[in-house]
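Notes to accompany the following structure.
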Amino acid sequence: MSQALPVATSDADIEELGRELDKIQREVKASLGERDRRYIKRTIKIQRSMALGGRSLIYVSLPLMPAFPLFLGVIGLGTISLGVSKILENMEIGHNVIHGQWDWMSDPEIHSSTWEWDNVCPADQWKHSHNVVHHTWTNVMGRDRDVGYEILRVTDKQPWKPAHLVQPVYNTLLAFLFQWGVALHDVDIGAIKRGETTLKAERSKLAGIGKKALRQLAKDYLLWPLLAGPFFLPVLLANLVANGMRNLWSYAIIFCGHFPDGAQVFTEAQIEGETRGRWYLRQILGSCNIEGGPLFHVMSGNLSHQIEHHLFPDMPSNRYPEVAPRVEALCARYGIPYNKGSFARQLGTTLRTIFRLALPRTPRPLPA
């Protein structure tokens, strides 16, 4: 028998909420068209132009090294442009294309079956670990293997272990090396111990990661720097900084969508026999939005609308801003918390939780 989710809403209201959300999904799907097609193609064009412009500025700056302030300004501008292009490619383009949000266009170049993003994580592994596992088992302890739960203690429902004392340290490392954490996300060592998969299967995943990572490392830290000849090191450092920008920003946005104050976690018992309406409810209660302007939303891959993304993971991301007020209004009507806050609030409470739960505390009892 399933246990009640922690919200005072009747079963009838929850199912009606589900029908209302299904209606929003149908309406958006029926209205997709040329406006949306122009949006994603324009975004890809802008991203690629910024990448080309950034790399061009990096190379243009190299002969200016004797005039150090001017050199620093030009190479800095090029590095920022390259870093922003990497953020756009990973967040608003790669993540969302791989989700299948643009499959409706039947464009062979902008399709979840063909897109490979600028990341050490192979797209096929991400589609399983994220699209399937995380979006099916959102915030369910023991099932959701997304960031947190396995490598960090992010809720006091998780038992404390001595290793958690240093989680502020490896949380910082994760932030700077975020693409590597993403790459290892689909490797399930726990499943090997439980006999749910084999060491051979996990080794094949590691081989796929190694192959993809080798291409990425060669591109950013060998081939592009080699083109600079004697200026190998400045180009390598520029690429390193650009990747670091992408890693830190991705970490911040994704953690802000999952772990701020008010985000709820669930047990398998609570979701037993889960209906469509209750699945929707779990997505709302386990997700958090970040307030900001249009540019902020685009740079976040519209994961600033994490609630809407978890409700409608295959909806084109440019539609989240227009459906968010409707979702929030439904939550208000049915007395369901709609967690949203400033970037500073969401990130601040997330980091506070990670530092606080590094210390031993008596876990709260699980709901009866």
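Every number here is computed from the coordinates shown, using simple stated rules; none is lab data. Remember, it's a predicted structure, so these values are computed and weren't measured experimentally. Virtual Cβ from ideal backbone geometry, glycine too; neighbours counted across all protein chains shown.
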Rounded tilt (10° steps) of 343-356 against the dominant C-alpha axis of the chain: 80 degrees
- prompt: Dividing the convex hull volume of the Cα atoms of the range 271-339 by its residue count, what figure in Å³ per residue is obtained?
  reply: 85 Å³
- prompt: How large is ³J(HN,Hα), in whole Hz, for each residue of the range 87-102 in order, when computed from phi with the Karplus curve 6.51 cos²θ - 1.76 cosθ + 1.60 and θ = phi - 60°, using x for Gly and Pro?
  reply: 4, 4, 5, 6, 8, 7, 9, x, 4, 7, 5, 5, 6, x, 5, 10
- line: Computed, not fitted: 222 nm per-residue ellipticity of the chain from DSSP H runs ≥ 4 (each -39500 (n - 2.57)), nearest 500, equal to -16500 deg cm²/dmol
message: Using amide H atoms built in the peptide plane, which far-off residues or other-chain residues are under 5 Å from residue 340 H to H?
response: 289
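Can you give me the convex hull volume of the Cα atoms of the range 147-287, divided per residue and expressed in Å³?
Dividing the Cα hull volume of the range 147-287 by its residues yields 160 Å³.
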field: Karplus-derived HN-Hα couplings along the range 152-158 (A = 6.51, B = -1.76, C = 1.60, θ = phi - 60°), whole Hz, x at Gly and Pro
entry: 10, 8, 10, 8, 6, 6, 7
query: Whose amide H sits under 5 Å from the amide H of residue 197, counting only residues 5 or more places off or on another chain, with H placed in the peptide plane?
result: 192
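Give me the dipole magnitude in Debye, nearest 20, for the range 137-248 about the Cα centre, with unit charges on the beta carbon: positive for Lys and Arg, negative for Asp and Glu.
Once rounded to the nearest 20, the dipole reads 260 debye.
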- line: In degrees rounded to 10, the 0-90 angle between helix 199-218 Cα long axis and the longest Cα principal axis of the chain is 40 degrees
- prompt: Using bins 5 angstrom wide from zero, how does P(r) for the range 222-363 break down, in % of all Cα pairs?
  reply: 2, 9, 15, 17, 16, 12, 9, 7, 5, 4, 2, 1, 0
statement: Here, the chain modelled as identical Cα point scatterers in vacuum has Debye log10 I(q)/I(0) at q = 0.06, 0.13 Å⁻¹ of -0.25, -1.13
message: If you fit an axis through the alpha-carbon atoms of helix 34-61 and take the longest principal axis of the Cα set of the chain, what angle between them do you get, 0 to 90°, nearest 10?
response: 40 degrees
- line: Karplus-derived 3J(HN,Hα) from phi for the range 181-189 (6.51 cos²θ - 1.76 cosθ + 1.60, θ = phi - 60°), whole Hz, x at Gly and Pro, runs x, 4, 4, 8, 4, 8, 7, 10, 5
task: Normalising by the residue count of the range 1-84, find the relative contact order in percent from Cα pairs under 8 Å and 6+ residues apart.
output: 24 percent
Paired Rg and Dmax values of the range 11-96, which use every Cα atom, in angstrom: 21.6, 72
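Could you calculate the FRET efficiency of residue 202 with residue 268 from 1/(1 + (r/R0)^6), where r is the beta carbon distance between them and R0 is 25 Å, rounded to 0.05?
E between residue 202 and residue 268, to the nearest 0.05, is 0.60.
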- prompt: Any idea what the alpha-carbon Rg over 2.2 N^0.38 Å comes to for the range 81-227?
  reply: 1.15
field: Shape of the range 156-206, Cα gyration tensor, a/c cut at 1.5
entry: oblate
